[in-house]
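**Q** First the structure, then my questions, so here it is.
The values are calculated or read from the model by the stated rules, or taken from the named source; none is laboratory data. Source: prediction; values computed, not measured. Cβ coordinates were reconstructed from backbone atoms using ideal geometry, including for glycine residues, and neighbour counts include every protein chain displayed.
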Amino acid sequence: MLPKPKLIEMENRAHPRRACRWRAVLLVEPFNRACVVEDIGEGGCRISVNPRDLTIGSHVVINVVSKGTRFEGIIRWIQGDEVGIAFEGAHAGVAPALVSTGHQP
């Protein structure tokens, strides 16, 4: 008997995301923490990070040294060691240009 295929929940997002795996630093008052930007899109990104002391609604800065850029946003969700960030203001729309040009970490 063949195993049943797992159902994959489709994400309903306004902006598509692209995988990137960039090493970065998450800046949240009063601390900084290493993280990895797993995927990124016009409206936000998903990072892998130790979520201790992070709270939904907190303002954060993600500093991607290898790209010479940083993004500001708000924590929208936390699931295990993954955190969803919604970009704010001028930072929305900049991230996809970095991904589409083929930059690597």
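**Q** Of the residues in the stretch 59-76, how many are aromatic (Phe, Trp, Tyr) and modelled with pLDDT of 90 or more?
**A** 0
**Q** Right, something else. Those residues that are loosely packed, with under 15 Cβ neighbours inside 10 Å and on the phi < 0 side of the Ramachandran plot, I need them from the stretch 37-57; list them, please.
**A** Asn50, Arg52, Thr55, Ile56
**Q** To continue, here is another question. Could you please tell me which pairs satisfy a Cβ distance under 9 Å, a separation of 6+ or placement on different chains, a first residue in the stretch 26-49 that is over 11 Å from Ala86 (Cα atoms), and a second residue that is of a type in the set (Phe, Trp, Tyr)?
**A** Close Cβ pairs (under 9 Å, with a partner that is of a type in the set (Phe, Trp, Tyr)) amount to Val36/Trp22; Val37/Trp22; Val37/Phe71; Glu38/Trp22.
**Q** Restricted to the stretch 63-82, and to residues that are of a type outside the set (D, E, K, R) and part of a helix (DSSP H, G or I), which residue is nearest to Leu27 (Cα to Cα)?
**A** The selected residue is Val65.
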